[in-house]
Amino acid sequence: MFIDWSLVTVCCLLPAAVGLLLYWELILAEGAHLGPRVVVPLYDWVARRYDREIKKFDAATESAILGLPLAAALAEVDGPRVLDVAAGTGRVARALLREPAFDGMVVNADLAARMLTAGREAAGAWPGRTAWVRAPASPLPFPAASFDAVTCLEALEFLPDDHAALRECRRVLKPGGLLVTTNRVGWEAPLILGKTRSRAAFRQLLADLGLEAVRVEPWLVDYDLAWGRKPRAESE
């Protein structure tokens, strides 16, 4: 009996190849190329254990790298309104609200309903100082010039159009308002094909938005942190 060993080899290797492809897309790339219909259910699936088992957020660290710097940047604003885009479980909200110097509120926008539910429960210690809105990053369901600061952290590479999302972030900022966002770096970044940018390309993206006082600095192993302000003289 003739055996087509090439066919046997293909049949043996194909499942392995499919498995590697799924691991790359779902684990390493976190579904970035598959769109909201896949990304949102993935995050909803892990919502209850996201903070505790996946991110393992530590309050002291979050204060040092996020809460304190943001609160300091908003110190001159009385009762600042902050919007966190792709907020997930409300990491930014909790980091800010733990800071005594922050006397404002945080609106959390995300498409993953279970992530928002988990965040609302985790922020129960600050009644009346958070809002939770199920909404995409673009278009945002808020009027122009309605927030003193907008954050969008560890999210741009998972959005359908990062440039459109950043334009929306800028639109809802008040003149002089602060935009804080991140750029994926590190060894995994090139694996998210077509969804990440080099440091130079990211700086150019921010320049194209017409922001002032832009600075990009190392932040986490996998992310740089970017700060910029909408020009004060500008009106929408």
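Does A145 fit the bill of being in contact (Cβ under 8 Å) with a residue 12 or more places away in the chain, within 25 Å of P80 (Cβ to Cβ), in contact with a Lys or Arg (Cβ under 7 Å, 6 or more places away or on another chain) and in a loop (DSSP other than H, G, I, E, B)? Before the answer, list the steps.
Details: in contact (Cβ under 8 Å) with a residue 12 or more places away in the chain: yes; within 25 Å of P80 (Cβ to Cβ): yes; in contact with a Lys or Arg (Cβ under 7 Å, 6 or more places away or on another chain): yes; in a loop (DSSP other than H, G, I, E, B): yes.
Yes: the conditions hold for A145.
Okay, residues lined up against (1) in contact (Cβ under 8 Å) with a residue 24 or more places away in the chain; (2) over 16 Å from E234 (Cβ atoms); (3) of a type in the set (D, E):
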position	(1), (2), (3)
R171	yes, no, no
G176	yes, no, no
T182	yes, yes, no
G186	yes, yes, no
G194	yes, yes, no
R199	yes, yes, no
Q204	no, yes, no
A207	no, no, no
L211	yes, no, no
Item to check | Output for region 141-163, where each listed residue is more than 11 Å from A109 (Cβ to Cβ) and within 14 Å of the chain's Cα centre (by Cα) | outcome: L153, E154, L156, E157, F158, L159, P160, D161, D162, H163
Checklist entry - Would you say A226 is of a type in the set (G, A, S), closer than 22 Å to R91 by Cβ and surrounded by 21 or more Cβ atoms within 10 Å (Cβ to Cβ)? => result yes
Checklist entry - Which residue out of L173, L140 is of a type in the set (A, V, I, L, M, F, W, C) and more than 19 Å from L225 (Cα to Cα)? => result L140
Checklist outcome for this item: Taking region 47-98 and keeping residues part of a loop (DSSP other than H, G, I, E, B) and buried (at least 17 other Cβ atoms within 10 Å of the Cβ) leaves L74, V77, P80, A86, A87, G88, T89, G90, R98
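Would you mind stating whether E154 is within 17 Å of R91 (Cβ to Cβ), assigned by TED's automatic domain parsing to the domain that holds L97 and either touching a Gly at 6+ places or on another chain (Cβ under 8 Å) or not small (G, A, S) (or both)?
Values: within 17 Å of R91 (Cβ to Cβ): yes; assigned by TED's automatic domain parsing to the domain that holds L97: yes; either touching a Gly at 6+ places or on another chain (Cβ under 8 Å) or not small (G, A, S) (or both): yes.
Spelling it out, E154 is indeed within 17 Å of R91 (Cβ to Cβ), assigned by TED's automatic domain parsing to the domain that holds L97 and either touching a Gly at 6+ places or on another chain (Cβ under 8 Å) or not small (G, A, S) (or both).
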Item to check | Among the residues listed as E234, E188, the single one being among the charged types (D, E, K, R), out of contact with any helix residue (DSSP H, G or I) (no Cβ under 7 Å at 6 or more places or on another chain) and at pLDDT below 90 | outcome: E234
Next on the checklist: Which residue is farthest from the chain's Cα centre (by Cα), if the candidates are limited to region 125-140 and must be assigned to a loop (DSSP other than H, G, I, E, B) and over 25 Å from A73 (Cα atoms)?
Outcome noted: P139
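So, in region 148-168, exactly how many residues are within 22 Å of A75 (Cβ to Cβ) and buried (at least 24 other Cβ atoms within 10 Å of the Cβ)? Before the answer, list the steps.
The initial filter retains those residues of region 148-168 that are within 22 Å of A75 (Cβ to Cβ), namely 148-153.
If we keep only those that are buried (at least 24 other Cβ atoms within 10 Å of the Cβ) too, we end up with 149-152.
Looking only at that region, the number is 4.
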Checklist outcome for this item: Subset of region 199-236, residues part of a helix (DSSP H, G or I) and among the hydrophobic types (A, V, I, L, M, F, W, C), comes to A200, A201, F202, L205, L206, A207
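The values are calculated or read from the model by the stated rules, or taken from the named source; none is laboratory data. Every value quoted in this text rests on a predicted model; they were computed, and no experiment measured them. Cβ: placed from backbone, ideal geometry, glycine included. Neighbour counts: every protein chain shown.
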